[in-house]
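Below is one structure, written out as structure tokens; comments come after it.
The values are calculated or read from the model by the stated rules, or taken from the named source; none is laboratory data. A quick note: this is a predicted structure, and the numbers were derived from the prediction, not measured. Please note: Cβ atoms are built from the backbone with ideal geometry, for glycine as well, and neighbour counts cover all protein chains shown. Calculation scope for accessible area: heavy atoms of the full protein, side chains included, ligands and nucleic acids excluded. Shrake-Rupley method; radii C 1.70, N 1.55, O 1.52, S 1.80 Å.
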Amino acid sequence: MFDTTLRDGEQSPGASMTLEEKLEVADILDALGVDVIEAGFPIASQGDFESVSEVAKRVKTGSVAGLARASEKDIDRCAEALRDAKRPRIHTFISTSPLHMKYKLQMEPERVLEMVASSVSRARNHVEDVEWSAEDGTRTEFEFLCRAVEIAIRAGATTINIPDTVGYTTPAEYESLLTRLREAVPNADKAIFSVHCHNDLGLAVANSLAGVRAGARQIECTINGIGERAGNAALEEIVMAMRTRPDALPFHTGIETKLLTRASKLVSAVTSFPVQYNKAIVGRNAFAHESGIHQDGMLKNAFTYEIMTPESVGVAKTALVMGKHSGRHAFREKLKELGYELGDNALEDAFKRFKDLADRKKIVYDDDLIALVDDEIVNAHEFIKVDALMVMAGTHGPQSAALTLDIGGDKRTHQATGNGPVDAIFNAIKALAPHEATLELFQVHAVTEGTDAQAEVSVRLSEDGKSVTGRGADPDTLVASARAYVSALNRLMTKRGKTKPEAMQAG
Ligand code: KIV
Ligand code: ZN
């Protein structure tokens, strides 16, 4: 299993992660037993370089891959970022389809073949483990693809990846392509073949499994299926399909499936991409049974309507019910049950917030705790924090908000009005931390049922064509809104590579 959540996944508009968040994701991928973790594209930015090199230092079990185009600069930079990896892999690629060669690369096919040979050899001079990808492979002429693959293997590629870059292929077609390719390329037995499928037609998982039936032995995928456009094949779906249907799919992955739910929640929290309720394996309704007939069947025998157990993917049967009388020990145990291991300081902060929540809310559900801890993980160490908020709302405007932000330890207050309380809060934030970003998305959802449910708010900001999403959770929707906006603003600053918005440095 080759996971590219940190590279292709992070390329989804709005899914950017901070370095700390990437390291957390890398840790869980390693614990899951992913064989190769693609940590980023080192030439893309200094931030990408640093995150690949930090992930490389940290990962204990799997290989760590970095992506590089077919240029000397890319490959050398990638090798440098992977210097401390126990098992480094350079993943180099070039487009091979007529469309990409003509319009994107503006290169003659023969020149592309030369670059395949030179890029793979250069990568092989740095590391032994080299993967070569034929970008837009599924729209490449078959004869040309065979030549390119043969050249890449001759130059030293140990893995050959045939991406369905634009999510265009179908299972039967992809299976046939990989079968024919493995038969036609004379040195095909010297490399492992790999699949990398995008989900533009909703076929990414089906296509990946078809590729495996054709002999591919590496699957490139992401947690929750995040990735460019409609995303990549979802790791959890591929793994559970193989585990649940060994009769139809007699293949094995070394993935620790009990960590799938935890990994999904973490990736959702750090990217602020919600998981759709009916998402296979990790959606919140994936194991929920509401209709009377189904519930009756479930009570008689769970297998009537469940083809895999919730426990097998880490959805724990609730053993501990949390309330305002629960102590630190029970809280720590509950978090463990939910898959969180927090350090002492983070645990203490989360415990204080839990007590506050339990005072305000009759029942604290698991989902409440997950929202609270995710908010803590994502927002605790941010440069700008929401310190205090007072809002005047109602039928007679203008509505107003008095907001105090902690900006790097310096507390500042501003009162603003707006067209509604949320607008007033966002205006106050803009006054305290001036910026040019535009608001692209404001989304509220209730974590659980009931009028005392916590609100989870997502805010997406964009600046210079780049977008970031922040998330905040609180029983007060307006506080959650302020937290989400501030969280997005912190991410925007990280993306810009600055520690403070310009206007604040002056003031
Ligand atoms: O989709 C794609 O073609 C890719 C390659 C860079 C492997 O992500
Ligand atoms: Zn891709």
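Some observations on this one:
- Residues whose amide H lies under 5 Å from that of G40, counting only those 5 or more places away or on a different chain, are L67; hydrogens are built 1.01 Å from N in the peptide plane.
- In this structure the amide hydrogen of S63, modeled in the peptide plane, comes within under 5 Å of the amide hydrogens of V36, I37, none closer than 5 places in sequence on its chain.
- Where segment 2-271 is the region considered: accessible area per residue in Å², 1.4 Å probe: 38 Å²
- Inter-part distance, segment 199-271 to segment 318-383, computed on C-alpha centroids, equals 30 Å.
- Summing +1 for each Lys or Arg and -1 for each Asp or Glu among the other residues whose beta-carbon sits under 12 angstrom from that of R147 gives -4.
- Alpha-carbon gyration tensor eigenvalues x 5, square-rooted, for segment 379-496, Å: 21, 17, 14
- The residues neighbouring D30, those whose beta-carbon lies less than 9 Å from its own, together hold a net charge of +1 under the Lys/Arg +1, Asp/Glu -1 convention.
- A DSSP coil position with no more than 14 other Cβ atoms inside 10 Å describes the following trypsin sites (Lys or Arg not before Pro) in segment 20-60: K60.
- Angle in degrees between helix 328-337 and the longest Cα principal axis of the chain, rounded to the nearest 10: 30 degrees
- Projecting label points 7 angstrom from Cα along Cα→Cβ for N301 and Y277 puts them 3.0 nm apart.
- With protein chains left intact and a 1.4 Å probe, residues in segment 316-378 average 53 Å² of accessible area per residue.
- The radius of gyration of the Cα set in segment 84-159, together with its Dmax, comes out at 12.5, 39 angstrom.
- More than 28 angstrom apart: percent of Cα pairs within segment 176-326: 31 percent
- Using θ = phi - 60° and Karplus 6.51 cos²θ - 1.76 cosθ + 1.60, couplings along segment 141-158 (whole Hz; Gly, Pro as x): 5, 4, 4, 5, 4, 4, 5, 5, 5, 4, 5, 4, 5, 4, 7, x, 5, 9
- Over the chain: Rg over Rh, Cα atoms, Kirkwood Rh: 1.00
- Rounded to the nearest whole Hz, the Karplus-based 3J(HN,Hα) values (6.51 cos²θ - 1.76 cosθ + 1.60, θ = phi - 60°) of segment 250-260 follow the sequence x, 10, 10, 10, x, 6, 7, 5, 5, 9, 5, with x at glycine and proline.
- Spin-label model distance (nm) - T309 vs A184, 7 Å beyond Cα toward Cβ: 4.8 nm
- Surface share of carbon and sulfur [accessible, 1.4 angstrom probe, percent] for segment 316-378: 50 percent
- Whole-percent carbon and sulfur share, accessible surface of segment 379-496, 1.4 Å: 48 percent
- In nm, spacing of pseudo-spin labels at K411 and M390 (7 Å Cα→C-beta vector): 1.3 nm
- A Förster radius of 35 Å, combined with the Cβ-Cβ distance separating V444 from T61, puts the computed FRET efficiency at roughly 0.30.
- Here the accessible area is traced with a 1.4 Å probe on the protein chains. For segment 62-166, carbon and sulfur cover 47 percent of it.
- Taking the C-alpha atoms only, the angle from helix 46-58 to the longest principal axis of the chain is near 80 degrees.
- FRET efficiency for the E110 to T170 pair, using the beta carbon distance and R₀ = 45 Å, is estimated at 0.90.
- Shown for segment 316-378 is the translational diffusion coefficient from the Stokes-Einstein equation, using the Kirkwood radius over Cα pairs, a temperature of 25 °C and a viscosity of 0.890 mPa s: 213 µm²/s.
- A346/D200 FRET efficiency (R0 35 Å; Cβ-Cβ; nearest 0.05): 0.35
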